[in-house]
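Chemist: Have a look at this one.
The values are calculated or read from the model by the stated rules, or taken from the named source; none is laboratory data. Being a predicted model, the structure only gives us computed values, none of them experimental. FYI the Cβ positions are ideal-geometry reconstructions off the backbone, even for glycines, and counts take in every protein chain you see. Ligands, DNA and RNA are stripped out before the accessible areas are found, and what is left, the full protein with its side chains, is counted by its heavy atoms. Shrake-Rupley method; radii C 1.70, N 1.55, O 1.52, S 1.80 Å.
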Amino acid sequence: MTSDKTTRGIFLAFAAFAAYAFSDASVKLVEGRVSPFESAFFGSLFGMLALPFLLKKGDKITDIVKTTARGLWLMRFVASGTSAIGAVTAFTHLSMAEAFCLIFLLPSFVTIMSVLFLKEQVGIRRWSAVIIGFIGVLIVLRPGFRELSIGHLGAVIGGLGGAVSIVIYRAVGPREKGVSLYGAGALGTITISGICMLHDFTWPQGTDWLLLMSYGLLAALATVLMMFATKSAPVAVLGPTQYSQMLWAILLGYLVFGDHVDLPIILGSLLIIGSGLITLSREKTRGVPLPPSVASGPQASLSTTEENLD
């Protein structure tokens, strides 16, 4: 029975990351007609529909703004909002494969920040993983050989913001409610993107509304699927399934956007994914919270750990 339950959890996790990938494809299809700020804002609003499913027994809607550490909650609020905007910008200006490739640096950023701010002891394997990850990025970016864009900056900001959110979770520990962590991410994205979009706001038209709804609702669906996945299988088992998003990115990029994936992107992606898997393996051994799913919406900032989803 346990084996069946774990298999079900893994299946749900793969389904969740497929939903995240289609969500990101939806926001990319809006490219040029709606600003990344508006995309993040409306997508986050639609994504809030996941909130009722995340409430545990005894939780209330108002718990999304309650916290045991207000300062850290506000830092997560800002980091998550900035991360979502950066990730949407990356998907708007880059191919899906390249955007995911850079955002997948998140585990490396977490390692570095954990040393700087949490004073964690990091061994040779985790530092090696960081180095491998950054070598992969250099291969993908090829600085000096190609022009870099705001999309590349957005991807790095997306990964950095997500890493800050994880480090903050580790700092507050399991005493913080999952719905509060979710609230910091979702409200941060809605507030920050909402303010930023005011200077050049235009109402989405026609099918763009459907694409923004798809962006937010699919991310919400993915969040709920991950919640059920973590109730069926350990997070340590589910962690590597997030890299299935790269396969979806390549497939959707080719079929929908006509993206060309060249050899440097493939090689760099393999190194970055390998770096992330090494980090996941070491953190599983050490028993620390694993990185959450990599996605461009506020749902990505909700750490999918047993402590806050059970």
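Chemist: List, in the order given, every pair from Lys60/Lys231; Lys5/Lys56; Lys119/Lys231; Lys177/Lys231; Lys28/Lys231 whose Cα-Cα distance in the structure shown is over 26 Å. Before the final figure, lay out the partial values.
Modeler: On the way: Lys60/Lys231 21 Å; Lys5/Lys56 21 Å; Lys119/Lys231 31 Å; Lys177/Lys231 16 Å; Lys28/Lys231 31 Å.
Flagged as over cut-off: Lys119/Lys231; Lys28/Lys231.
Chemist: How many percent of the accessible area of segment 1-74 is carbon or sulfur, using a 1.4 Å probe?
Modeler: Its accessible area is 69 percent carbon and sulfur atoms.
Chemist: Then there's this: Going by accessible area, probe 1.4 Å, with all protein chains left in place, what is the ranking of Ile195, Ile273, Ile266, Ile132, largest first? Intermediate values should be presented prior to the final figure.
Modeler: Values: Ile195 115, Ile273 30, Ile266 75, Ile132 55 Å².
Of Ile195, Ile273, Ile266, Ile132, the descending order of accessible area is Ile195, Ile266, Ile132, Ile273.
Chemist: Suppose a student asked you for the relative contact order of the chain, using Cα pairs under 8 Å spaced at least 6 residues apart; what percent would you report?
Modeler: Normalised by residue count, the contact order of the chain is 40 percent.
Chemist: Same structure again: Please list, in order, the residues from segment 233-264 whose amide nitrogen is less than 12 Å from a point placed 7 Å along the Cα→Cβ vector of Arg142.
Modeler: 261-264
Chemist: If you plug each phi of segment 211-222 into the Karplus form 6.51 cos²θ - 1.76 cosθ + 1.60 with θ = phi - 60°, what whole-Hz ³J(HN,Hα) values come out, in order, with x for Gly and Pro?
Modeler: Result, rounded to whole Hz: 5, 5, 4, 4, 4, x, 5, 5, 5, 5, 4, 4.
Chemist: Just the accessible area per residue of the chain, please: how many Å² with a 1.4 Å probe? Each step should come with its number before you reach the end.
Modeler: Details: 13020 Å² over 310 residues.
Solvent-accessible surface per residue comes out at 42 Å².
Chemist: Of Gly185, Gly58, Gly43, which has the largest mean-square fluctuation in a 10 Å C-alpha GNM of the chain?
Modeler: Comparing Gly185, Gly58, Gly43 in a Gaussian network model of the chain, the most mobile one is Gly58.
Chemist: So which chymotrypsin sites (Phe, Trp or Tyr not before Pro) in segment 113-221 are both in a DSSP loop and have at most 16 other Cβ atoms within 10 Å of their Cβ? Write out the running numbers ahead of the final one.
Modeler: Working: sites: Phe117, Trp127, Phe134, Phe145, Tyr169, Tyr182, Phe201, Trp209, Tyr215; in loops: Phe145, Phe201.
Those that pass, being in a loop and sparsely packed, are Phe145, Phe201.
Chemist: Still on this structure, please answer the following. Counting only protein heavy atoms and a 1.4 Å probe, tell me what percentage of segment 163-226's accessible area is made up of carbon and sulfur.
Modeler: That share works out to 73 percent.
Chemist: Toward the positive end of the charge dipole of segment 1-70, about the Cα centre and with charges on Cβ (Lys, Arg +1; Asp, Glu -1), which of Ala25, Ala40, Thr7 goes farthest?
Modeler: Thr7
Chemist: For Cα extents along the principal axes in Å, pick the label among (i) 67, 48, 34; (ii) 59, 47, 34; (iii) 45, 44, 41 that corresponds to the value derived from the coordinates.
Modeler: Checking each listed value against the structure points to (iii).
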